[in-house]
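Shown next, in structure tokens, is the structure this report addresses.
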């Protein structure tokens, strides 16, 4: 039979997942939970406070979760998101990096799928930096994600997009060509490369990239669509 505390957590978790924060918050604030050392309780509460715009309270609550478990990546990322939102970018980066370093020191990086989990967290931070047009920091985080993940091509495309937005199309092209050297049959990077070339008025090179895709996948709808658009009069800019 479940304990009273576990029943409260289970009820709160269901409400939290469903987005019913009005139900979840009072359950999580029950003395038996708020005085516990259950990191999930504080992570959920902090997320609720963040949703309510109570940033200081959310920061304090995320920090409480990290006091209990400094390697709790969900809390570290949640705290990083808030710090990014209020412009404390360096603090946000340090929170996440400290949590990762602690886990690495405990050699937990050998656990199955933990590298992919870390990669996704780096990507979350990268997305935030990109939203704030902090391109160098975004590229740094995407690169770390790429190093940890098996999804090298996906992160190469994201890195290329950062370079494009930063006005460094040559570096974007270099990034994509490098990943294509590892596997010429990769579709998404070649699609993106074609778009960058096309928007840079290198029409013949762009068309060559899309036609190359059709050699591997003759029915690829995106490549066919881009080729058709490239042939249409008045089309000057395409986007992926």
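The values are calculated or read from the model by the stated rules, or taken from the named source; none is laboratory data. These figures come from a predicted structure and were not determined experimentally. All Cβ positions, even for glycine, are placed from backbone atoms using ideal geometry, and neighbour counts span all protein chains on display.
The residues in the stretch 218-240 that are at pLDDT 90 or above, surrounded by 13 or more Cβ atoms within 10 Å (Cβ to Cβ) and assigned to a loop (DSSP other than H, G, I, E, B) can be counted, and the count is 1.
So which residues in the stretch 61-71 are in contact with a helix residue (DSSP H, G or I) (Cβ under 8 Å, 6 or more places away or on another chain) and either in a helix (DSSP H, G or I) or under 21 Å from residue 14 (Cα atoms) (or both), if there are any at all? Listed by number, the residues that qualify are 61, 62, 63, 64, 65, 66, 68. For beta carbons closer than 7 Å, sequence separation of 6+ or different chains, a first residue in the stretch 199-223 that is over 16 Å from residue 160 (Cβ atoms) and a second that is exposed (fewer than 12 other Cβ atoms within 10 Å of the Cβ), the qualifying pairs are 216/185. All of (1) over 24 Å from residue 117 (Cα atoms); (2) at pLDDT below 90; (3) part of a helix (DSSP H, G or I) hold for residue 77 with one exception: (1). Within the stretch 132-151, the set of residues being crowded, with 16+ Cβ neighbours inside 10 Å and either in a helix (DSSP H, G or I) or on the phi > 0 side of the Ramachandran plot (or both) comprises 135, 137, 138, 139, 140, 141, 142, 143, 144, 145, 146, 148.
Inspect the stretch 196-212 for any residue being in contact with a helix residue (DSSP H, G or I) (Cβ under 7 Å, 6 or more places away or on another chain) and within 22 Å of residue 146 (Cα to Cα) and give the result as yes or no. Within the stretch 196-212, one or more residues are in contact with a helix residue (DSSP H, G or I) (Cβ under 7 Å, 6 or more places away or on another chain) and within 22 Å of residue 146 (Cα to Cα). For the stretch 2-16, check the following and say yes or no: at least one residue is more than 20 Å from the chain's Cα centre (by Cα) and on the phi > 0 side of the Ramachandran plot. Within the stretch 2-16 (the criterion being more than 20 Å from the chain's Cα centre (by Cα) and on the phi > 0 side of the Ramachandran plot), the answer is no, since none of the residues qualifies. Look at (1) modelled with pLDDT of 90 or more; (2) assigned to a helix (DSSP H, G or I); (3) closer than 29 Å to residue 86 by Cα and you find that residue 167 fails only one, number (2). Being within 15 Å of the chain's Cα centre (by Cα), assigned to a helix (DSSP H, G or I) and without any contact (Cβ under 8 Å) to a residue 60 or more places away in the chain is a condition met by no residue of the stretch 98-108. When each of 186, 193 is tested for being buried (at least 17 other Cβ atoms within 10 Å of the Cβ), closer than 19 Å to residue 139 by Cβ, touching a helix residue (DSSP H, G or I) at 6+ places or on another chain (Cβ under 8 Å) and touching a residue at least 12 places away in the same chain (Cβ under 8 Å), the lone residue that passes is 193.
Being modelled with pLDDT of 80 or more and either within 26 Å of residue 178 (Cα to Cα) or surrounded by 20 or more Cβ atoms within 10 Å (Cβ to Cβ) (or both): is that true of residue 117 here? No; evaluated as a whole, the condition is false for this residue. Residue count for the stretch 11-25, restricted to those that are surrounded by 12 or more Cβ atoms within 10 Å (Cβ to Cβ) and over 18 Å from residue 62 (Cβ atoms): 5. Of everything in the stretch 39-60 that is assigned to a helix (DSSP H, G or I) and free of Cβ contacts under 8 Å to residues at least 24 places away in the same chain, the residue that is nearest to residue 9 (Cα to Cα) is 45.
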